[in-house]
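> The structure that follows is given in the form of structure tokens.
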Amino acid sequence: MFGFHYLKASPTQHVFHYSGGSLRREGRSLAFFYFGPRSRLLAVPVASADVPFIVSETTADFQDLTIQGQITYRVSDPKRASTTLDFEIDPEGKLVGDGLEILRQRLVNSAQVLMHGMTGQLPLREALVQRESMAATVLASLRTSAAITLLGVEILNVDILAIKPTQEMSRALEAEAREALQRNADQSVYERRNAAVDQERRIKENELRTEIAVEEKRRQIRETQMAADIAIEEQRKSLIETRATNDRAEADTRAYALDASLKPIKDVDWRTLLAASGMSSDPRFMIALAFREMAENAQKIGELNVSPDLLRSLLAPERT
């Protein structure tokens, strides 16, 4: 009414009230009446804010990629920001100046210049995996940038959300990655099969070594048994030799005894011995002896006839 207005600022706005070209008041959360025709109001937002961005860059190997991220900032020096950019508001508190858009665009432009310098030195493969290092580099550079300092802005954080190549290059990289993964899978299968074959070979070698050890033990057992058998045969041989020696000695003893017992009668006529033995009393023996004498003197006798009756009487058993 009559050109007077009332303004109530929020805690996140730093308000500057100029009247007649002079600064009348400034601060946060101010509430006051002012005369519109002679007043000019500036409201600088001091709360932290995010500025998203999507920029396109070219790598060192002339490949296009898209970088997506955001910059988190806050106005730390509202007075400097108000003298550099236009943050004028209308009587209803709405921002009519373009200071906020220019501030955000300058932040994005500064970040893009830094990212352009980094991606221009890297090939595509390396640029795709530089999110963290790129974000850290851009953050450090923006914090020390003189142009950002003159705006009265403090950079809180820089996030690189995605670095993407073109669709054609993405498909090519995916195909190459799939081939590499397939080769790795094939290599893993080969290594696993090779390990299985090597393990099988070790098992076979262990089995062969076990069989060799068993055969060696069996050979040792056989050799021990053969040695025992040889020892037994040696003992048996020694026993047989001893027994043969003893038998020869015994035979020699009996022969010597027999020779000693027969020596006195060795030169005696056998007839005398027969007579001495007492067999001369047997008629049949005497007849047999007579026949032997006749046989020895057959030439002298000439012819002898023996009748059956005589022979039967000679062979007949002696009557008791």
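What follows draws every value from the coordinates through simple rules; no lab data is involved. Worth saying up front: this structure is predicted, and the values here are computed from it rather than measured. All Cβ positions, glycine included, derive from the backbone under ideal geometry; neighbour counts span all protein chains shown.
> Less than 20 Å from a label point 7 Å out along the Cα-to-Cβ axis of R80: which backbone N atoms in segment 148-170 qualify, by residue?
Under cut-off, by backbone N: 148-158.
> A further question on this structure: Place +1 on the Cβ of every Lys and Arg and -1 on the Cβ of every Asp and Glu in segment 4-165, take the dipole about the Cα centre, and give the residue among Q130, F32, A81 whose Cα lies farthest towards its positive end.
F32
> Describe numerically, in nm with one decimal, the distance between label points set 7 Å from Cα along Cα→Cβ at Q235 and at A196.
In this crude label model, Q235 to A196 measures out at 5.9 nm.
> Under 5 Å between amide H atoms, partner at least 5 residues away or on a different chain: which partners does R28 have, H built in plane at 1.01 Å?
Amide H neighbours of R28, under 5 Å, 5+ apart: V15.
> How do I203, I155 rank when sorted from fewest to most other Cβ atoms within 10 Å of their own Cβ? Intermediate values should be presented prior to the final figure.
Details: I203 10, I155 23.
Sorted ascending by nearby Cβ count, the order is I203, I155.
> Taking neighbour Cβ counts within 10 Å as the exposure measure, how do F33, F4 sort from fewest upward?
Numbers: F33 9, F4 12.
With the fewest neighbours first, F33, F4 line up as F33, F4.
> Then there's this: If you take every residue apart from D61 with its C-beta less than 15 Å away from the C-beta of D61, what net charge results, scoring Lys and Arg +1 and Asp and Glu -1?
Values: positive: R125; negative: E57, D64, E126, E168, E176.
That works out to -4.
> Treat the count of other C-beta atoms within 10 Å as a stand-in for reagent exposure and order T137, T59 from fewest to most.
T137, T59
> Also: At what distance in nm do the modelled label points of R219 and H116 sit from each other, each positioned 7 Å from its Cα along Cα→Cβ?
8.6
> Which net charge results when you count Lys and Arg as +1 and Asp and Glu as -1 among the other residues whose beta-carbon is under 9 Å from that of H17?
It works out to a net charge of +2.
> On full extension of the chain, what length is gained from L173 through L161, given 0.36 nm per residue of separation minus the C-alpha to C-alpha distance?
Result: 2.4 nm gained on full extension.
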